[in-house]
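Worksheet: one structure, shown below.
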Amino acid sequence: MNLILLGAPGAGKGTQAEVICNALHIPAISTGNILREAIKNQTALGMEAKTYMDGGKLVPDEIVINILKERLQQDDCKNGFILDGFPRTVPQAEALDKMNVRIDRVVDIEVADEKIAARLSGRRVCENCGASYHTLYKPSKTEGVCDACGGKTVQRKDDHPDTVKERLRVYHEQTEPLIDYYTKTGKLVVVEGQEEVADTSALTLKAVEA
Ligand code: AMP
């Protein structure tokens, strides 16, 4: 199954991508994680992307489209994949169509802006493996330490309040039009983000397995 997860930053796409990945045994592909890895490795791509990401802006379409194209060619995508954070603009969705990538379902996770700011301020991610936690909703067993790999958990630079405001503005302006784009294809399913992660996960699984 080839899936897209849509939603505002902080709507819980990463967590839901992990849930589907474990249930359906298909890889979750996060362009954000790929870009953060490039920044960590100080590649030319990483250095270019960093200025956009730190300011809450989108990385130019051409760059992320190329990243995705390459990633989808890897063997583990043969039986399906979950796209988490791509596409984020209409030109990116059109590029996916042009690549003749079949999309079976698009799950849009909806969460009100006010809730997102609170969620993002508590988000912590592992510097080493990228696992995501939340100080209130999904704390790691030991504060500051990743359950999965023992790495250090930190707050992302782009989760600081002013950057979050900009990311939400960019989401409404550039990403939200994709809801219309995929409604027209008949592939869109809306999942209302719940207070409890487990409740959202149950709805997401129902949406992809139906
Ligand atoms: P994420 O981890 O998905 O929230 O992505 C973090 C940041 O990476 C975003 O705020 C963008 O700056 C950049 N990014 C990730 N995916 C994309 C994309 N598909 N198009 C443009 N920028 C992206």
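The values are calculated or read from the model by the stated rules, or taken from the named source; none is laboratory data. Quantities reported herein were computed from a predicted structural model and do not represent experimental measurements. Counting neighbours? That spans all protein chains shown, and the Cβs are built from the backbone with ideal geometry, glycine included. Calculation scope for accessible area: heavy atoms of the full protein, side chains included, ligands and nucleic acids excluded. Shrake-Rupley method; radii C 1.70, N 1.55, O 1.52, S 1.80 Å.
Observations on the model:
- Restricted to the range 137-167, and to residues there that are open to solvent by less than 80 Å² (accessible area, probe 1.4 Å) and among the polar types (S, T, N, Q), the residue that is farthest from the ligand (Cβ to nearest atom) is Ser140.
- Residues that are more than 8 Å from the ligand (Cβ to nearest atom) and touching a residue at least 12 places away in the same chain (Cβ under 8 Å), drawn from the range 41-54: Leu45, Glu48, Asp54
Yes or no, residue by residue, for (1) touching a residue at least 12 places away in the same chain (Cβ under 8 Å); (2) in contact with a Leu (Cβ under 9 Å, 6 or more places away or on another chain):
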| site | (1), (2) |
| --- | --- |
| Lys152 | yes, no |
| Asp159 | yes, yes |
| Val164 | yes, yes |
| Leu178 | yes, yes |
| Gly186 | no, no |
| Thr200 | yes, no |
| Thr204 | yes, yes |
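- Here is the figure for the range 71-120: residues that are within 20 Å of Asn33 (Cα to Cα) and among the charged types (D, E, K, R) total 7.
- Annotation: Asn41 fulfils all but one of (1) surrounded by fewer than 17 Cβ atoms within 10 Å (Cβ to Cβ); (2) within 10 Å of the chain's Cα centre (by Cα); the unmet one is (2).
- Failed item in (1) modelled with pLDDT of 95 or more; (2) more than 10 Å from the ligand (Cβ to nearest atom); (3) not small (Gly, Ala, Ser), with Leu35 passing the rest: (2)
- Test for Glu94: is it out of contact with any Cys (no Cβ under 6 Å at 6 or more places or on another chain), more than 23 Å from Thr204 (Cα to Cα) and surrounded by fewer than 13 Cβ atoms within 10 Å (Cβ to Cβ): no
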